[in-house]
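Read the structure below first, then the notes.
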Amino acid sequence: MIVNPYTQEGRSLIRPLGDTNLIEDTFGLVGYQIADLHNRYRTWTVHSLYSPARGRTVGGIRAKLVDQKGFITFCNQRDLEVLLEMASPGGWCAWLGRDYAEPLSDEWLGFCADEDDLTDDLYDRELEARAMYCQHGEPLPQGLNFKRCVHNGLHNDFVEEMLLLWDACPDTGMSPDTRFETVTSRWRSVERTAQINRAKLWLRT
């Protein structure tokens with residue numbers, strides 16, 4: 001077990017940093033490499049950990065991982081503990097109150113990214129952009145854009161272009177607006193391009 005996120009002690013260990021969902025204590029997992037279950041040429045590296053997202057059937061902390069080509073994905077705590085060999089499939093997951101899933105079974109979630117995950121990633125990238133462009137507290141430059149590569153499950157890789165609409169509060173117009181809760185109002189996804197048969201092309205690209 002990495003941590004029990006539902007005990008008082010566990011909650012104190014996964015307290016997020018500032019206005020983000022990033023967890024300061026990464027439990028020594030950052031940099032740990034995990035082989036992809038479907039593509040033997042693909043390796044995922046743990047990049048950062050995040051506090052639990054509300055309303056999920058499989059809760060716990062979340063990990064963001066990056067492959068050797070810069071694609072990002074996320075993994076829930078239950079499946080991550082199996083991939084890290086901290087737990088065995090079919091064993092009892094005490095913090096979740098159910099058995100660990102067998103990899104590739106119907107219960108297995110593995111590597112994927114929902115809108116909560118992608119919002120966390122977006123805010124991470126915005127903070128990096130502020131560090132680059134806003135040395136003296138000025139707003140981000142209008143029209144700023146970036147592309148991110150996302151793995152959202154088997155045969156679902158895509159490249160997404162994100163565009164900054166404006167760096168201001170949507171209600172008051174005050175600028176800059178650095179709040180996490182309004183980050184999705186500042187950016188728009190303008191294009192998602194599917195990456196087809198990446199496993200077959202892995203050695204060629």
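The values are calculated or read from the model by the stated rules, or taken from the named source; none is laboratory data. Everything quoted here is computed from the prediction, not taken from an experiment. Please note: Cβ atoms are built from the backbone with ideal geometry, for glycine as well, and neighbour counts cover all protein chains shown.
Considering only residues that are outside any strand (DSSP E or B) and surrounded by fewer than 18 Cβ atoms within 10 Å (Cβ to Cβ), look in segment 44-58 and name the one that is modelled with the highest pLDDT.
Narrowing segment 44-58 to residues outside any strand (DSSP E or B): 51-58.
Then keep just the ones that are surrounded by fewer than 18 Cβ atoms within 10 Å (Cβ to Cβ); that gives 54-58.
Working: R54: 87, G55: 85, R56: 89, T57: 86, V58: 92.
If we take residues in segment 44-58 being outside any strand (DSSP E or B) and surrounded by fewer than 18 Cβ atoms within 10 Å (Cβ to Cβ), then V58 is modelled with the highest pLDDT.
Here's a check for you: in segment 91-104, which residue that is free of Cβ contacts under 8 Å to residues at least 12 places away in the same chain and assigned to a loop (DSSP other than H, G, I, E, B) is surrounded by the most Cβ atoms within 10 Å (Cβ to Cβ)?
G91
Taking the conditions exactly as written (of a type in the set (D, E, K, R), part of a loop (DSSP other than H, G, I, E, B) and either loosely packed, with under 13 Cβ neighbours inside 10 Å or at pLDDT below 95 (or both)), does E128 satisfy them or not?
So E128 does not fit the description; no.
Do we find that L165 is buried (at least 17 other Cβ atoms within 10 Å of the Cβ), outside the structural domain of G55 (by TED's automatic domain parsing) and in contact with a strand residue (DSSP E or B) (Cβ under 7 Å, 6 or more places away or on another chain) in this structure?
no
Would you check which residues across segment 163-185 are of a type in the set (A, V, I, L, M) and touching a helix residue (DSSP H, G or I) at 6+ places or on another chain (Cβ under 7 Å) and list them?
Residues satisfying the conditions are L164, L165, V183.
May I ask you to say which residue of F111, F146, F158, F71 is surrounded by 15 or more Cβ atoms within 10 Å (Cβ to Cβ) and touching a helix residue (DSSP H, G or I) at 6+ places or on another chain (Cβ under 8 Å)?
Among F111, F146, F158, F71, only F146 is surrounded by 15 or more Cβ atoms within 10 Å (Cβ to Cβ) and touching a helix residue (DSSP H, G or I) at 6+ places or on another chain (Cβ under 8 Å).
Among the residues of segment 63-90, count how many are part of a loop (DSSP other than H, G, I, E, B) and under 28 Å from R148 (Cβ atoms).
Matching residues across segment 63-90 total 5.
Do we have S105 as of a type in the set (S, T, Y), more than 21 Å from T184 (Cα to Cα) and outside the structural domain of T184 (by TED's automatic domain parsing) here?
It is true that S105 is of a type in the set (S, T, Y), more than 21 Å from T184 (Cα to Cα) and outside the structural domain of T184 (by TED's automatic domain parsing).
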